[in-house]
Amino acid sequence: MRILAIPGSVRRGSHNARLLRHVAERAPEGVEVELWDGLKSIPPYDEDDDTEFPPRPVVELREAIAQADGLLFATPEYNGSVPGVLKNAIDWASRPRATTPLQNKPAAVIGASTGAFGAVWAQTELRKVLSTAGARVVDAGLPLAKVHEVFDEFGDLRPGEHDQQIEVVLAALTGAVDARRELAAAA
Amino acid sequence: MSTTQIAPSVPVGTWSVDAVHSNANFEVEHGGLSVFRGGFKPVDAKLISDEDGLTLEGSVAVDTITVDDENIRPHLLSPDFFDVERNPAVRFRSTEISGEADDLTVSGELSMAGFTVPVQARGRVRGPVSLGDHGDKLALSLEATIDRTAFGMVWQMELPGGHDALANDVRLLVDLELAKE
């Protein structure tokens with residue numbers, strides 16, 4: 001099973017990218033969590049460019065989503081919501097609407113912030129955006145607050161309660177993927 | 001099957017849908033103000049008239065849904081609404097049909113989005129008429145109002161004016177042309 005992990009910030013040392021690497025290291029056997037680092041290359045959505053031949057990074061994003069069994073987003077929170085760069089990528093991925101690779105794609109949302117609430121608003125809004133785009137978004141999430149205090153001197157997440165919640169999120173996501181496979185097999 | 005009062009103008013036999021001349025549409029209030037419409041096509045349906053009365057069965061494939069705004073369609077197919085992958089069809093089966101030809105009451109069960117809920121429709125049946133080589137035809141028109149939240153479709157957004165984006169009540173409008181087998 002292949003899970004595409006998409007961080008919502010692009011800076012080097014992104015807390016959310018680190019969080020996803022932490023998740024990848026704890027993925028159960030048979031589950032491969034692949035970090036996608038193409039967010040910065042996605043151009044601003046422009047309907048004039050949304051043609052039969054879209055920008056190459058967009059093609060790669062759509063293919064990466066199509067080839068993944070599930071999606072795991074980790075988002076920070078900017079001004080109480082989803083970072084524009086991440087929303088922009090989802091807007092591209094949601095098109096063409098009739099053939100979006102997001103349709104019925106199992107997806108989970110987690111998030112980390114240096115604040116006290118762990119990007120909980122951004123996670124809620126990201127779930128709304130993904131659901132509206134057609135994805136199957138699982139309920140389980142992880143608001144990881146004061147994330148800068150959770151990393152050790154090597155930049156790794158210290159063990160903690162978040163690890164149990166990560167297991168819950170991964171179980172929900174892989175469960176949705178399994179259910180989808182069973183449906184496809186029965187069809 | 002419960003006792004039914006047979007609509008007098010439905011001769012005994014099996015009446016199958018003429019899909020070209022049949023429709024299954026829905027209407028839902030948008031923003032507390034206007035009407036948003038959509039539909040499914042083709043409609044599969046069969047009306048059986050026998051000594052026990054009338055029985056109606058019908059279904060549509062969810063992925064045939066059409067709405068005016070193509071941007072909304074993937075959301076309607078998603079788990080927030082029909083969850084097409086897990087529930088590819090909408091099905092109806094009557095449990096009782098009673099009344100007169102121009103004032104029918106059709107009770108039955110509607111299965112949609114993983115839920116099966118009793119519904120009641122009102123409508124009328126016209127015909128039969130003979131269309132020569134095309135045989136005998138009936139027309140059956142039905143309307144029902146359902147609560148979409150009973151089918152797990154609880155999605156909602158509040159508009160700036162305070163209205164809900166989408167009403168919970170959804171009006172179903174089914175028009176069938178049926179040919180005698």
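The values are calculated or read from the model by the stated rules, or taken from the named source; none is laboratory data. As the structure is a prediction and not an experimental result, all values here were calculated from the model. Don't worry about glycine lacking a Cβ; one is built from the backbone with ideal geometry, like all the others, and counts go over all protein chains shown.
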Inset, instruction - For A:Ala74, work out the one condition from (1) under 14 Å from the mean Cα position of the chain (by Cα); (2) under 26 Å from A:Asp48 (Cβ atoms); (3) not charged (D, E, K, R) it doesn't fulfil. - result: (2)
Inset, instruction - Test B:Ser98 against the criterion of being more than 14 Å from every other protein chain (Cβ to nearest Cβ), buried (at least 17 other Cβ atoms within 10 Å of the Cβ), among the polar types (S, T, N, Q) and not in a loop (DSSP other than H, G, I, E, B), and give yes or no. - result: yes
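Does A:Val82 fit the bill of being modelled with pLDDT under 95, of a type outside the set (S, T, N, Q) and surrounded by 19 or more Cβ atoms within 10 Å (Cβ to Cβ)?
no
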Legend entry - Cβ-Cβ under 6 Å pairs, at least 6 apart or on other chains, segment B:147-175 side within 14 Å of chain A (Cβ to nearest Cβ), far side among the aromatic types (Phe, Trp, Tyr): B:Gly152/B:Phe115; B:Met153/B:Phe81
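Is it the case that segment A:111-120 has a residue that's within 14 Å of chain B (Cβ to nearest Cβ) and in contact (Cβ under 8 Å) with a residue 40 or more places away in the chain? Lay out the reasoning, then the answer.
Applying the first criterion (within 14 Å of chain B (Cβ to nearest Cβ)) to segment A:111-120 yields none.
No, because not a single residue in segment A:111-120 is within 14 Å of chain B (Cβ to nearest Cβ) and in contact (Cβ under 8 Å) with a residue 40 or more places away in the chain.
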Inset, instruction - Give segment B:13-50 a look and list any residue that's of a type in the set (Phe, Trp, Tyr) and either part of a loop (DSSP other than H, G, I, E, B) or modelled with pLDDT of 95 or more (or both), or say none. - result: B:Trp15, B:Phe26, B:Phe40
Inset, instruction - Could you list all residues from segment A:94-130 that are of a type in the set (A, V, I, L, M, F, W, C) and in a helix (DSSP H, G or I)? - result: A:Ala98, A:Val120, A:Trp121, A:Ala122, A:Leu126, A:Val129, A:Leu130
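Quick one: which residue in B:Ala113, B:Ala150, B:Ala121 is among the small types (Gly, Ala, Ser) and either out of contact with any Gly (no Cβ under 8 Å at 6 or more places or on another chain) or exposed (fewer than 14 other Cβ atoms within 10 Å of the Cβ) (or both)?
Sole residue among the options that is among the small types (Gly, Ala, Ser) and either out of contact with any Gly (no Cβ under 8 Å at 6 or more places or on another chain) or exposed (fewer than 14 other Cβ atoms within 10 Å of the Cβ) (or both): B:Ala150.
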Inset, instruction - May I ask you to say which residue of A:Asp178, A:Asp91 is acidic (Asp, Glu), surrounded by fewer than 20 Cβ atoms within 10 Å (Cβ to Cβ), part of a helix (DSSP H, G or I) and over 16 Å from the mean Cα position of the chain (by Cα)? - result: A:Asp178
Inset, instruction - Assess whether B:Leu166 counts as being surrounded by 13 or more Cβ atoms within 10 Å (Cβ to Cβ) and over 22 Å from B:Val43 (Cβ atoms). - result: yes
Legend entry - Selected residue (criterion: surrounded by the fewest Cβ atoms within 10 Å (Cβ to Cβ)) from residues of segment A:30-69 that are in contact (Cβ under 8 Å) with a residue 40 or more places away in the chain and β-branched (Val, Ile, Thr): A:Val31
Inset, instruction - From the list B:Ala45, B:Ala89, B:Ala24, pick out the single residue that is small (Gly, Ala, Ser), within 16 Å of B:Phe151 (Cα to Cα) and under 13 Å from the mean Cα position of the chain (by Cα). - result: B:Ala89
Inset, instruction - Collect the residues in segment A:131-142 that are closer than 15 Å to A:Gly70 by Cβ and either more than 9 Å from chain B (Cβ to nearest Cβ) or of a type in the set (D, E, K, R) (or both), keeping them in residue-number order. - result: A:Arg136, A:Val138, A:Asp139, A:Ala140, A:Gly141
Legend entry - Index of the failed condition, B:Glu70 passing every other in (1) more than 10 Å from chain A (Cβ to nearest Cβ); (2) surrounded by fewer than 16 Cβ atoms within 10 Å (Cβ to Cβ); (3) outside any strand (DSSP E or B): (1)
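Within segment B:147-156, does at least one residue satisfy the condition of being farther than 13 Å from B:Trp15 by Cα, at pLDDT below 90 and touching an Asp or Glu at 6+ places or on another chain (Cβ under 8 Å)? Outline the logic, then answer.
Within segment B:147-156, the subset farther than 13 Å from B:Trp15 by Cα is B:147-156.
Cutting the leftovers down to at pLDDT below 90 gives us none.
No, the conditions are met nowhere in segment B:147-156.
How many residues are within 12 Å of chain A (Cβ to nearest Cβ) and either farther than 20 Å from A:Asn104 by Cβ or surrounded by 18 or more Cβ atoms within 10 Å (Cβ to Cβ) (or both) if we restrict to segment B:77-95?
Step one: list which residues in segment B:77-95 are within 12 Å of chain A (Cβ to nearest Cβ), which gives B:77-88.
From what's left, either farther than 20 Å from A:Asn104 by Cβ or surrounded by 18 or more Cβ atoms within 10 Å (Cβ to Cβ) (or both): B:77-85, B:87.
Counting residues in segment B:77-95 that are within 12 Å of chain A (Cβ to nearest Cβ) and either farther than 20 Å from A:Asn104 by Cβ or surrounded by 18 or more Cβ atoms within 10 Å (Cβ to Cβ) (or both) gives 10.
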Inset, instruction - Take segment B:127-146 and flag every residue that is free of Cβ contacts under 8 Å to residues at least 60 places away in the same chain and either surrounded by 15 or more Cβ atoms within 10 Å (Cβ to Cβ) or of a type outside the set (Gly, Ala, Ser) (or both). - result: B:Val129, B:Leu131, B:Asp133, B:His134, B:Ala139, B:Ser141, B:Leu142, B:Glu143, B:Ala144, B:Thr145, B:Ile146
Inset, instruction - Only one of these is within 23 Å of B:Glu100 (Cβ to Cβ) and modelled with pLDDT of 90 or more: B:Gly53, B:Gly58. Name it. - result: B:Gly58
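Give the number of residues within segment A:82-104 that are basic (Lys, Arg) and more than 10 Å from chain B (Cβ to nearest Cβ).
Step one: filter segment A:82-104 for residues basic (Lys, Arg), giving A:87, A:95, A:97.
Then drop every residue that is not more than 10 Å from chain B (Cβ to nearest Cβ), which leaves A:87.
Looking only at that region, the number is 1.
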